[in-house]
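Beneath this line is the structure, given in C-alpha cells, with notes to follow.
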Amino acid sequence: MFEIGENLVFLNLSYNFLSSIDRLPWKNLRLLDLQANLLQGKLLVPPFYTKVFSISHNKLTGGIPSMICNVSSLAIFDISHNNLGGALPQCLGNFSYSLLVMDLQMNNFHSIIPDTFSWGYSLTTLVLNGNQFEGLLPKSLVRCTSLEVLDLGNNRINDSFPSWLEALSNLRILVLGSNRLHGPIGNHKTDGMFFPKLQILYLSHNEFIGLLPRNHFENMKGMRSIDEDKPGQQYLGEYYLHEYPMQLIIKIQ
C-alpha cells in the first residue's frame, strides 16, 4: 500500500485495531480517516493537499507539530479524543482559509487559545471542549463570521460573559459550561438581537451573578423558529463528513 504513491487520494482505515503508522507517503492524499483505532505515538502531519484529516479516538501523545501550519488545504481537522497536550501553535487560527471544522476536544491542551483567527476564515465548527485552556476568550473569534458551533466547555477559561460574540450572526450552538466565567450576563448594550439564530446555549457551572436579562432571551428566536412550510427541515445545518455529538438536557418546570 505504501508503494501506491501519488495515485492514492482516499484512505479510510477507521474502526480497526491499528497500533502505529510511521509515515504518510501519499503526496496527493485528499482524505485520511484513521479514527477509532489504537494508534500511539506522535501526531503525524497530513500531506500538503489533504482536505479531510480525522484521527480521533486513538491514544496519540505529544503536541501538534508546527509543520501543521504548512497544510493550507484542510477543510476538516479532527484530532479529538486522544492524549495530546501542550500549547496550540499560533498559526492554528489562520493556517487554512478552507477549514470548516476544527475538533480538538477531549485532550490535554493547555495555556491560552491563540488570538489569531483571521478575517475571511471559513470555519463553521470549533470544538475545544474537555481540555485545560485558561485565560481570556480570544476576541478574534468575531472574525469567523461563518461560525455556527462554538464549544469551549470544560476548560479553565477565566473571563466575563462574551457579549461580543453577538457579532456572529450565524451562531447556533454556544457551549461555555464548566469554566471560570464570572460577572453578570446583562451588563452590556445590545441592539435587541441577542444571538438571533442560537438554538443551544449552555452556561452551567460558571460564576455568573445577577439577574438573567429577560429581554435578551426573548429575542433568541432561533430556538423556536421552525418553518412548517419546509418539510424535512433540519434543526441544525449539515456537517458533511463530520458529526458533532453533544448531550442535550431539557428541563421543564
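Derivation of every value follows stated rules applied to the coordinates shown; laboratory data play no part. Worth saying up front: this structure is predicted, and the values here are computed from it rather than measured. Quick reminder, even Gly has a Cβ in these numbers, built from the backbone with ideal geometry, and neighbours come from all protein chains shown.
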Whole-Hz couplings from phi, Karplus 6.51/-1.76/1.60, listed for the stretch 204-211; x for Gly and Pro: 5, 6, 10, 10, 5, 10, x, 8
Alpha-carbon centroids, the stretch 39-67 and the stretch 129-188: separation in whole Å: 26 Å
Fewest-first sequence of LYS197, LYS27 by Cβ atoms within 10 Å of each Cβ: LYS27, LYS197
Separation in nanometres of the label points that stand 7 Å from Cα toward Cβ, at ASN158 and ILE112: 1.3 nm
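Ranking PHE48, PHE109, PHE53 by Cβ neighbours within 10 Å, fewest first, what do you get?
Working: PHE48 13, PHE109 21, PHE53 26.
Least crowded to most crowded, the residues run PHE48, PHE109, PHE53.
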Sorted by Cβ neighbour density within 10 Å, fewest at the top, the residues ASP159, ASP115, ASP22: ASP22, ASP115, ASP159
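Could you check what % of the DSSP bridge pairs in the stretch 5-223 are antiparallel, to the nearest 5? Working shown, then result.
Details: 0 of 38 bridges.
Counting only bridges with both partners in the stretch 5-223, antiparallel ones make up about 0 percent.
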Estimated vicinal HN-Hα couplings, Hz - the stretch 71-87 in sequence order (Karplus 6.51, -1.76, 1.60; Gly, Pro = x): 8, 8, 9, 4, 10, 10, 10, 10, 10, 5, 6, 10, 10, 6, x, x, 8
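Kindly provide the Kirkwood hydrodynamic radius of the stretch 5-223 in Å, to one decimal, from all pairs of distinct alpha carbon atoms.
Numbers: mean 1/r = 0.0546 Å⁻¹.
So the Kirkwood estimate lands at 18.3 Å.
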The stretch 5-21 - phi-based ³J(HN,Hα) in whole Hz, Karplus 6.51/-1.76/1.60, Gly and Pro as x: x, 6, 7, 7, 10, 9, 9, 10, 10, 5, 6, 10, 10, 5, 10, 7, 8
